[in-house]
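Values in this text are rule-based calculations from the coordinates and carry no lab data. Because the structure is predicted, anything quoted here is derived from the model rather than measured. Heads up, the Cβs are rebuilt from the backbone with ideal geometry, glycines too, and the neighbour counts pull from every protein chain shown.
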Amino acid sequence: MHRIPRLLAFSGLLIASAGSRPLGAQHPVVLETGFSGARFVDDDASVFGPTLRLALAGRSGALFGSGEAGTLATFGAASAYAIVEGGVRSDMRRPWSAELSSELSTVAASKNSAGAGTALLAGRVYRAFAHSGGWLRATAHGSARTNTTLGGGGTDAGAWWSFPRARLMATIAHERTSAELFSGRFRTGFVGTTPVRYTE
């Protein structure tokens, strides 16, 4: 997922980078510190500063869950995000398996009252063979923004093939959602919403 206007733009970067990380089941508690920077060419603005990230993950039988929170501080401002995910998963060692999961996330910044929250529900079916496999997933999500609420959903499918020293993966995804439109420097003028559809 994959958003946020003005100062919250770099909060979206935090969510994107954190969302792409592995669940970290081998390391149930992770604490990271660092320094991040971003340049927004369209707005002629830069943000940089120290970051802090805390992630926890666990599993008990068919149930699994994870939580993550982080912050980015910069000159005169700070942003923070939090993500909680949980679900149930059948035995992955069987040829057919399934998973049902949900996720709640929020992001906020200190410079203004703008913030965002997103809820997501997903169902996935897996099929595994000796050296290959595939999956099909459907998702539905809704977001609360400062000016409006947005909804959407999507489907994706994929397949993988394992070789002695490599793995090949192919995916296709179709997303239907909505986006907010803003005008002006730092996207301060809310214009409205527009439907967004894409396939990748």
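Distance between the pseudo-spin-label points of SER183 and ARG59 (7 Å out from Cα toward the beta carbon): 5.1 nm.
Taking label points 7 Å from Cα along the Cα-to-Cβ direction, SER132 and ALA69 give a separation of 4.6 nm. Simple spin-label estimate for ARG197 and THR33 gives 4.9 nm between the two label positions (7 Å along the Cα-to-Cβ direction from each Cα). Using DSSP to define loop residues, name the trypsin sites (Lys or Arg not before Pro) in segment 93-159 whose beta-carbon has at most 10 other beta-carbon atoms within 10 Å. Those that pass, being in a loop and sparsely packed, are ARG93. Between TRP161 and ARG94, the contour length at 0.36 nm per residue exceeds the alpha carbon distance by 22.4 nm. What the Cβ-Cβ distance of VAL84 and ASP44 gives, at R0 = 35 Å and to the nearest 0.05, is a FRET efficiency of 0.45.
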